[in-house]
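Taking it in order: structure first as structure tokens, then the write-up.
The values are calculated or read from the model by the stated rules, or taken from the named source; none is laboratory data. Computed from a predicted structure; not experimentally measured. All Cβ positions, glycine included, derive from the backbone under ideal geometry; neighbour counts span all protein chains shown. To get the accessible areas, we keep the full protein, side chains included, count just its heavy atoms, and leave off ligands, DNA and RNA. Shrake-Rupley method; radii C 1.70, N 1.55, O 1.52, S 1.80 Å.
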Amino acid sequence: MERFAFLKQLAMKYARLPAEIMEDTLFSSVGMDSYDVVDFMLNVEEKFGITAGDDEILSVNCIRDVEELITQCMKEDEAIMLKGIAASQGIAIAKVYKLEQPVLDIKMVESDPDQELAKLDSAFAKTVEDIEKIKEVASKSLAPEELAVFDAHLMMAGDPELRGQIEEMIKNDKVNAEYATEQVANMMVTIFESMEDAYMRERAADIKDVTFRLKCNLCGKIIPNLATLDTPVVVIAKDLTPSDTGSLNKAFAKGFATEIGGRTSHSAIMARSLEIPAVVGVKGILEAAKAGDEVILDALSGEVILNPTEEQKAEYAAKGEEYRKQKEALKALKNEPSISTDGHKVLLVGNIGGPKDVEGVNENGGEGVGLFRTEFLYMKSEDDFPDEETQFAAYKQVLEGMNGKPVVIRTLDIGGDKKLKYYEFAEEMNPFLGVRAVRFCLIRKDVFRTQLRALLRASVYGKLCIVFPMIATVNEFKNAKACYDEARAELISEGVKVADDVEVGCMIEIPAAAVLADQLSKYADFFSIGTNDLVQYSMAADRMSEPVSYLYQPLNPSVLRLIKMTIDGAHKNGKWCGMCGEMAGDELAAPVLLGLGLDEFSMSATSILRARQIINSLSYEEMKAMADKAVNCDTSEEVAELVKSTVSA
């Protein structure tokens, strides 16, 4: 009744309605025309803080209709909270920007092959140009390892197999280029998605991304460019391709939320590198969010709140400010040691993909480099394996930049999901389990020798540690070490100065190596655990495959036991053990890893200070007792609860 009385007064004031009007009195019966109704409803919207559509306004016939419309709009405008996965930390409050890709209505049209081939040629050229521009924009804010995905897209756009099949269909069937492209792309995606091999399945996503851009160029459709954002927004999408994420303008893209994805998806990894808040795997976000809605992105707890109340906005603005202050406070730890409350010291170091990333490690208080992914030097090379001088210059720059702090440089880890423009790998049923990393190097010893010579020449400019990836057996490590010894002896015989304190270690990524750690540590100077591969090989689950992503469990007791075996195996022979996978920078995993005795934690540079804050607040002896319990748990969930209850106690 109160609402009716208020609406009646409003109607009398703005539409000059008689005092006798009732809830069901038709506006038309008292002389109101459509202009009067619109004027009245504009005032209703202002007073009640709602927004009604034009059709809804014109369907209003009486005050009862207005009341129902107000109730409906208020219900639609109620705050909606959706849960997802916090992929990149932070808080953002802004308007919704829905990333909606062009809808392509492609039909078969009989066409002149010559004209269509010319059109296809132009579209391929435009596609390559687009990807190169996106890569250029992305290079200003992304590390080389994130940029590598654009190299893969450029390779796909230049793939003669893809182009050849489209051209053949145009010539043979005399169809339009758009239709031929769609048919070939769909066929290739279907084939790749059905393959058991993880690398091949991932290529399906590249085909989709590249061929969608190609089809848009053929159809004259424009793909939204997130680099052109000019107002603060939170981007909402089904998923963000590497092209989308690489184009984000940090000044206006305050964060993003996607319907699908996980912490290890390309978009999540890029978001962390860009330091943009991101929540992924938010089911129902596309349906619930409307362009222009206000949204709160809580990428600390993985929540998205649509149409928040004023109280919620104030609450999360304060939470965001507190998070900002915490980040500022962390800077005070930049030059502090990483040491537990009871005096146990560890090293917190950074992962890098190239020399320019050294600055980020130093700015964030990194105590060294725990992983230099050298394959990006090879992937950036245009027409051949990088020569000795090119590599020497890069390694020298990194070692000098770290000012005597230890630098762990991984030898070439190519194959699997990493391909080269200038080298054709033999076809394998499962490239991830085939000729890759050290296996490739032991076959192509000429390539391996060039890298080892460059590394050893650079060793006099800092504290160098060399690590061989994908080691499975003792003999494999011995063979790689023999190549190192040969390169060293060769340089010394040439009168080239080589450091005496170079350490040569072994990556532990294969369960067999973890089980044999106590034997391997007789020959290796140190271990570096690559948990990304160790977890997926142990669980037989591709971490990039959404249907089995639930099996990617770094805290699973079986994985923790393998990690414990590795650390214990290293310590048995007086060697140190580090970790360079995603797990090393995980806040929930840090207490367990400390308790298991991990000596070095290598992570993205932006995670170092927060990890130091955690380590410096923990008792090593208490974490040891907790870790002993963790390896005897049944599930990863039990381990997570154990960590939370122990650390918060």
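Results, tabulated for the structure shown:
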{"quantity": "Prolate/oblate/rounded call for the stretch 229-339, Cα gyration tensor, a/c under 1.5 rounded", "calculated": "oblate"}
{"quantity": "The stretch 117-190 and the stretch 344-417: distance between their alpha carbon centers, rounded to Å", "calculated": "31 Å"}
{"quantity": "Accessible area (Å², per residue) of the stretch 564-629, counting only protein heavy atoms and a probe of 1.4 Å", "calculated": "33 Å²"}
{"quantity": "Protection proxy ranking, peptides 224-230, 394-400, average beta carbon neighbours within 10 Å, highest first", "calculated": "394-400, 224-230"}
{"quantity": "Over the stretch 464-610: Kirkwood hydrodynamic radius from C-alpha pairwise inverse distances, Å", "calculated": "16.1 Å"}
{"quantity": "Candidates per GluC sites (Glu not before Pro) in the stretch 101-176, loop by DSSP, up to 15 other Cβ within 10 Å", "calculated": "none"}
{"quantity": "Residue-normalised accessible area of the stretch 393-534, given per residue in Å² at a 1.4 Å probe", "calculated": "38 Å²"}
{"quantity": "MRE, 222 nm, helices only [DSSP H, n ≥ 4, -39500 (n - 2.57), over the chain, to nearest 500]", "calculated": "-15000 deg cm²/dmol"}
{"quantity": "Enclosed volume per residue, in Å³, of the convex hull spanned by Cα atoms of the chain", "calculated": "184 Å³"}
{"quantity": "DSSP bridge orientation in the stretch 342-447 - percent antiparallel, rounded to nearest 5", "calculated": "25 percent"}
{"quantity": "Inter-site label distance for GLU161 and GLU45 at 7 Å from Cα along Cβ, in nm", "calculated": "5.5 nm"}
{"quantity": "DSSP-defined beta bridges in the chain - what % are antiparallel, rounded to 5", "calculated": "35 percent"}
{"quantity": "P(r) weight above 14 Å for the stretch 582-649, C-alpha pairs, percent", "calculated": "55 percent"}
{"quantity": "The chain, accessible surface, carbon-and-sulfur percent (1.4 angstrom probe)", "calculated": "51 percent"}
{"quantity": "Mean-position separation - Cα centroids, the stretch 599-646 and the stretch 286-308, in angstrom", "calculated": "31 Å"}
{"quantity": "Two-decimal Rg to Rh for the stretch 405-445 - Kirkwood Rh, Cα set", "calculated": "1.05"}
{"quantity": "GluC sites (Glu not before Pro) restricted to the stretch 478-540 and DSSP loop, no more than 11 other C-beta within 10 Å", "calculated": "GLU494"}
{"quantity": "Computed E for ILE492/ASP446 - FRET, C-beta separation, R0 25 angstrom, nearest 0.05", "calculated": "0.80"}
{"quantity": "Space enclosed by the convex hull of the alpha-carbon atoms of the stretch 97-156, per residue, Å³", "calculated": "116 Å³"}
{"quantity": "Label-point separation, VAL109 to LYS327 (7 Å along Cα→Cβ), nm", "calculated": "4.9 nm"}
{"quantity": "Members of LYS140/LYS325; LYS95/LYS250; LYS126/LYS356; LYS208/LYS421; LYS421/LYS445 lying beyond 24 Å, as alpha-carbon distances in this model show", "calculated": "LYS140/LYS325; LYS126/LYS356"}
{"quantity": "For the stretch 420-520, alpha-carbon Rg relative to the globular expectation (2.2 N^0.38 Å, N residues)", "calculated": "1.17"}
{"quantity": "Dipole-positive endmost among GLY365, ALA541, GLY246 within the chain (Cβ charges, Cα centre)", "calculated": "GLY365"}
{"quantity": "Estimated inter-spin distance, VAL460 and ALA393, nm [label 7 Å along Cα→Cβ]", "calculated": "2.0 nm"}
{"quantity": "Gain upon complete extension [GLU193, ALA499; 0.36 nm per residue less C-alpha separation]", "calculated": "105.3 nm"}
{"quantity": "The stretch 498-564: proportion of alpha-carbon pairs further apart than 15 angstrom, %", "calculated": "54 percent"}
